[in-house]
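Read through the structure below, which is laid out as structure tokens, and then see the notes.
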Amino acid sequence: MKLTDNVLRSFRVAKVFRENSDKINCFDFSSNGETIISSSDDDSLVLYDCQEGKPKRTLYSKKYGVDLIRYTHAANTVVYSSNKIDDTIRYLSLHDNKYIRYFPGHNKRVTALSMSPVDDTFISGSVDKTIRLWDLRSPNCQGLMHLQGKPVCSFDPEGLIFAAGVNSEMVKLYDLRSFDKGPFATFKLQYDRTCEWTGLKFSNDGKLILVSTNGGALRLLDAFKGAVMHSFGGYNNSKAVTLEASFTPDSQCIMIGSEDGKIHVWNAESGMKVAVLDGKHTGPVTCLQFNPKFMTFSSACSNMAFWLPTIDD
């Protein structure tokens with residue numbers, strides 16, 4: 001089944017889960033698409049079975065809180081940032097609910113966490129104006145970059161380079177093997193006083209970079225030239241919430257939730273709006289991702305919704 005505009009428009013909420021008492025601040029699909037794990041401001045981590053469409057188990061991080069969560073390459077381990085006590089990143093085994101390792105270093109809130117798609121490396125960005133490079137096998141930071149402002153950062157799909165968005169106006173590209181030599185490319189964008197950047201993602205084909213903000217606009221960049229290809233707006237975000245934006249797996253479309261619980265979808269090439277889907281969310285859709293393997297996506301406020309297409313195109 002191909003992801004055409006008609007198929008996208010046909011998506012409906014198939015299941016809603018109300019496991020959380022507070023907003024879901026992050027979730028991540030396993031690379032095989034079979035499970036999804038969410039983290040919430042109520043200090044819980046909920047693991048869902050995507051194939052059976054049901055919650056499998058709930059773990060708690062009451063002492064440290066949990067903010068950004070990412071699967072590692074082993075389907076039963078995650079790394080996550082904390083939002084209580086300290087800003088250490090924690091490496092957790094879901095299998096026995098035990099910490100494998102701690103990654104101390106950041107001294108303010110971690111605002112970006114990205115796992116390498118190819119190995120045990122991950123990067124984190126923080127309000128402390130640093131980006132740190134880590135290896136799951138060592139508690140020591142493998143690389144440290146001091147920046148002029150709060151960064152957002154992400155690996156490209158090959159795991160060879162990473163992008164850092166700095167001061168909500170510049171995207172810098174670094175080669176992982178020689179990042180201490182500085183960026184090999186810097187793209188300066190027009191500064192928008194009304195909002196700050198909250199996220200940065202590469203498309204799966206590596207050709208596009210999506211910059212999300214806490215305002216009412218997204219920007220789509222050419223990953224090689226840095227030119228802004230499209231700006232997307234027309235969704236509600238008056239309270240400066242961090243709304244997650246995502247690509248569809250085929251890199252053809254871009255999606256973001258909104259304050260009023262709806263999901264907006266655009267064609268990446270033409271910039272035209274393809275669909276507005278009503279998820280009946282009770283609050284802002286803070287998290288939104290497409291399953292990497294199956295024709296389904298998930299969105300979350302304090303409830304988690306699983307979506308399925310209702311036509312075969």
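This table checks each residue for (1) in contact with a Pro (Cβ under 7 Å, 6 or more places away or on another chain); (2) assigned to a strand (DSSP E or B); (3) open to solvent by 10 Å² or more (accessible area, probe 1.4 Å).
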residue	(1), (2), (3)
Val13	no, yes, yes
Asp22	no, no, yes
Phe27	no, yes, no
Asp42	no, no, yes
Can we say Ile311 is closer than 23 Å to Ala14 by Cβ, open to solvent by 10 Å² or more (accessible area, probe 1.4 Å), out of contact with any Lys or Arg (no Cβ under 8 Å at 6 or more places or on another chain) and of a type in the set (A, V, I, L, M)? yes
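Which count do you get for residues in segment 274-288 that are in contact with a strand residue (DSSP E or B) (Cβ under 9 Å, 6 or more places away or on another chain), free of Cβ contacts under 8 Å to residues at least 40 places away in the same chain and not aliphatic (A, V, I, L, M)?
Matching residues across segment 274-288 total 2.
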Of the listed residues (Val66, Val78), the one being buried (at least 19 other Cβ atoms within 10 Å of the Cβ) and either more than 16 Å from the chain's Cα centre (by Cα) or part of a loop (DSSP other than H, G, I, E, B) (or both) is Val66
Which pairs have Cβ atoms under 8 Å, sit 6 or more apart or on different chains, and link a residue in segment 92-107 that is among the aromatic types (Phe, Trp, Tyr) to one that is surrounded by 13 or more Cβ atoms within 10 Å (Cβ to Cβ) and in a loop (DSSP other than H, G, I, E, B)? Tyr102/Thr88; Phe103/Thr88
Kindly state which strands (runs of 3 or more DSSP E) lie completely within segment 90-184 and contain at least 3 residues that are surrounded by 13 or more Cβ atoms within 10 Å (Cβ to Cβ) and under 20 Å from the mean Cα position of the chain (by Cα). 110-115, 121-126, 130-135, 151-155, 161-166, 170-175
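One line per residue, one yes/no per condition, for (1) assigned to a strand (DSSP E or B); (2) basic (Lys, Arg); (3) touching a helix residue (DSSP H, G or I) at 6+ places or on another chain (Cβ under 8 Å):
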residue	(1), (2), (3)
Gly199	yes, no, no
Leu220	yes, no, no
Phe224	no, no, no
Asn237	no, no, no
Ser246	yes, no, no
Pro249	no, no, no
Glu259	no, no, no
Val265	yes, no, yes
Glu269	no, no, no
Give me a count of the residues in segment 194-212 that are more than 25 Å from Thr296 (Cα to Cα), surrounded by fewer than 22 Cβ atoms within 10 Å (Cβ to Cβ) and touching a residue at least 24 places away in the same chain (Cβ under 8 Å). 2
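Of all residues in segment 285-313, which are of a type in the set (Phe, Trp, Tyr) and more than 15 Å from the chain's Cα centre (by Cα)?
Of the residues in segment 285-313, the ones of a type in the set (Phe, Trp, Tyr) are 290, 294, 297, 306-307.
Result: Phe294, Phe306, Trp307.
Yes or no, residue by residue, for (1) under 26 Å from Ser40 (Cβ atoms); (2) charged (D, E, K, R); (3) touching a strand residue (DSSP E or B) at 6+ places or on another chain (Cβ under 6 Å):
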| site | (1), (2), (3) |
| --- | --- |
| Val118 | no, no, no |
| Ser126 | yes, no, yes |
| Leu133 | no, no, yes |
| Gln142 | no, no, yes |
| Ile161 | no, no, yes |
| Tyr174 | no, no, yes |
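Look at Ala75 and say whether it is under 19 Å from Ile37 (Cα atoms) and either aromatic (Phe, Trp, Tyr) or at pLDDT below 90 (or both). It would help to see each step written out before you state the result.
Values: under 19 Å from Ile37 (Cα atoms): yes; either aromatic (Phe, Trp, Tyr) or at pLDDT below 90 (or both): yes.
So Ala75 passes the test.
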Subset of segment 62-76 (residues that are touching a residue at least 24 places away in the same chain (Cβ under 8 Å) and farther than 15 Å from Arg109 by Cβ): Arg70, Tyr71, Thr72, His73, Ala75
Kindly evaluate Val78 against the criterion of being within 20 Å of Ser154 (Cα to Cα) and not small (Gly, Ala, Ser). yes
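Got a sec? Which of Lys239, Lys188 is over 17 Å from the mean Cα position of the chain (by Cα), within 22 Å of Ser299 (Cβ to Cβ) and not polar (S, T, N, Q)? Write out each step before concluding.
Details: Lys188 fails: within 22 Å of Ser299 (Cβ to Cβ).
When all the criteria are applied, what remains is Lys239.
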So which pairs qualify, if the first residue must be in segment 4-26 and within 25 Å of Val274 (Cα to Cα) and small (Gly, Ala, Ser), the second must be modelled with pLDDT under 90 and open to solvent by 60 Å² or more (accessible area, probe 1.4 Å), the Cβ gap must be under 7 Å, and the two must be at least 6 apart or on different chains? Ser10/Ile311
As an exercise: evaluate Asp222 against (1) open to solvent by less than 50 Å² (accessible area, probe 1.4 Å); (2) within 16 Å of the chain's Cα centre (by Cα); (3) of a type in the set (D, E, K, R) and give the number of the one condition it does not meet. (2)
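The values are calculated or read from the model by the stated rules, or taken from the named source; none is laboratory data. All values derive from a computational prediction rather than experimental measurement. In this analysis, Cβ positions are derived from the backbone assuming ideal geometry, glycine residues included, and neighbour counts consider all displayed protein chains. Accessible surface areas use protein heavy atoms only, side chains included; no ligands, DNA or RNA. Shrake-Rupley method; radii C 1.70, N 1.55, O 1.52, S 1.80 Å.
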